[in-house]
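**Student:** Mind looking over this structure? Questions follow.
We did not get these values from a lab; they are worked out from the coordinates using the rules stated. Small disclaimer: the values here were computed from a predicted structure and weren't measured. All Cβ positions, even for glycine, are placed from backbone atoms using ideal geometry, and neighbour counts span all protein chains on display.
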Amino acid sequence: MERRTISSLAAQKAAGEPIAMITAYDHPSAQIAEAAGVDVVLVGDSAAMTVLGYDSTVPVTVDEMLMLTAAVRRGIRTPLLVGDLPFGSYEASDVQAVATAQRFVKEAGCDAVKLERGGTSVQRARAIVDAGIPVMGHVGLTPQTAAITGTYRARGRSADEAFAVFESALALQEAGCFALVFEAIPAAATAAMMPRLDVPVIGIGAGNAANGQVLVWHDLLGIYGGPSARFVKHYAELRRPMTDAVAAYVAEVREHAYPLPMHGYGMPDDEASRLRAMIADR
Ligand code: KIV
């Protein structure tokens, strides 16, 4: 498979070929994403909850995100790598936004960064694009602000609210974003907006009219223990077999059933008896 680029994603949209995006947060998940043929890997700030155990995406720091993102970079070659700018790392000023985006490119090897919301984020996106770094926008349900207002609900169920989402999407597109994430938006609203959007739109809970889909790693594989949003589909249920496997290991250790001789290293009998003699003489 050819290495994905901003222009290859645009070509996929033009050709009507759906774009498959997934989150990943470490080296083995990155290698699996590569082997599975995904187009875009996002090291989402959902890492805050899925791998770092925070209650929301708000607390995760740039340094935490950079460590995870660099590990993913070492595991992929083909997909486009997008780093997620965490809450508090880009909102204050264009200077802050560009400096943070540059860290994701220089220290973690990102091909692009993602930021959330319209409003002031539009100007931040423009500044990062002007600094030469591709930006993916994110509208609809934006978890960084949803965590603060406590409203994790779909956005755009009324025409007025959907139109506000559309205005943000258009503004981000005009600011130079190469792609947009649409999160938790009614399928009919997405379908109504698509003809006016020139850049690829990646949906998560936004229906089938989008140019691609994204799912969170732990949701897709059924690893995350918490409640799932309605748009989540588990393509496997790995939490139970993972727990069973660890429990089986614990039981075997306690019963002296693991390790067996086959799991260890041999020593010639004469060397073993010489060692015993040396220890006895000590
Ligand atoms: O952080 C994340 O995982 C995301 C995706 C849900 C798009 O932003």
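**Student:** When the chain is treated as a GNM, springs tying every alpha-carbon pair under 10 Å, which of HIS218, HIS256, HIS138 comes out with the largest mean-square fluctuation?
**Tutor:** HIS256
**Student:** How would you classify segment 52-97 from its alpha-carbon gyration tensor, with a ≥ b ≥ c the square roots of the eigenvalues: rounded for a/c under 1.5, else prolate if a/b is greater than b/c, otherwise oblate?
**Tutor:** oblate
**Student:** Okay, next question. How large is the convex hull of the Cα atoms of segment 30-162 per residue, expressed in Å³ as a whole number?
**Tutor:** Per residue, the Cα convex hull of segment 30-162 comes to 119 Å³.
**Student:** Taking K and R as +1 and D and E as -1, what net charge do the other residues with C-beta under 12 Å from the C-beta of GLU237 add up to?
**Tutor:** That sum, taken over residues with Cβ under 12 Å, equals +1.
**Student:** Classify segment 6-237 as rounded, prolate or oblate, taking a ≥ b ≥ c as the square roots of the eigenvalues of its Cα gyration tensor: rounded when a/c is under 1.5, otherwise prolate if a/b is larger than b/c and oblate if not.
**Tutor:** rounded
**Student:** Looking at segment 66-128, which GluC sites (Glu not before Pro) are DSSP coil and have at most 11 other C-beta atoms within 10 Å of their C-beta?
**Tutor:** Loop-located and lightly packed - none at all.
**Student:** Loop only by DSSP, 12 or fewer other Cβ within 10 Å of the Cβ. Give me the trypsin sites (Lys or Arg not before Pro) in segment 1-57 that pass, ordered by residue number.
**Tutor:** Within segment 1-57, the qualifying trypsin sites (Lys or Arg not before Pro) (loop, at most 12 other Cβ atoms within 10 Å) are ARG3.
**Student:** Further question: Have a look at the DSSP beta bridges in the chain and tell me what percent are antiparallel, nearest 5.
**Tutor:** Once the DSSP bridges in the chain are tallied, antiparallel ones form about 0 percent.
**Student:** What is the angle, in °, between the Cα long axis of helix 62-73 and the longest principal axis of the Cα atoms in the chain? Nearest 10 is fine, range 0 to 90.
**Tutor:** That helix lies at roughly 70 degrees to the long axis.
**Student:** Can you tell me which lysines have their Cα less than 24 Å from the Cα of LYS13? Leave out same-chain residues fewer than eight positions away.
**Tutor:** LYS114, LYS233
**Student:** Right, another one. Across segment 149-154, in residue order, what do the Karplus-derived ³J(HN,Hα) couplings come to in whole Hz, using 6.51 cos²θ - 1.76 cosθ + 1.60 with θ = phi - 60° and x for Gly and Pro?
**Tutor:** 7, x, 10, 8, 10, 4
**Student:** With θ set to phi - 60°, apply the Karplus curve 6.51 cos²θ - 1.76 cosθ + 1.60 along segment 273-282 and write out the HN-Hα couplings as whole Hz, x wherever there is a Gly or Pro.
**Tutor:** Along segment 273-282, the couplings run 6, 5, 4, 4, 5, 4, 5, 5, 6, 6 Hz.
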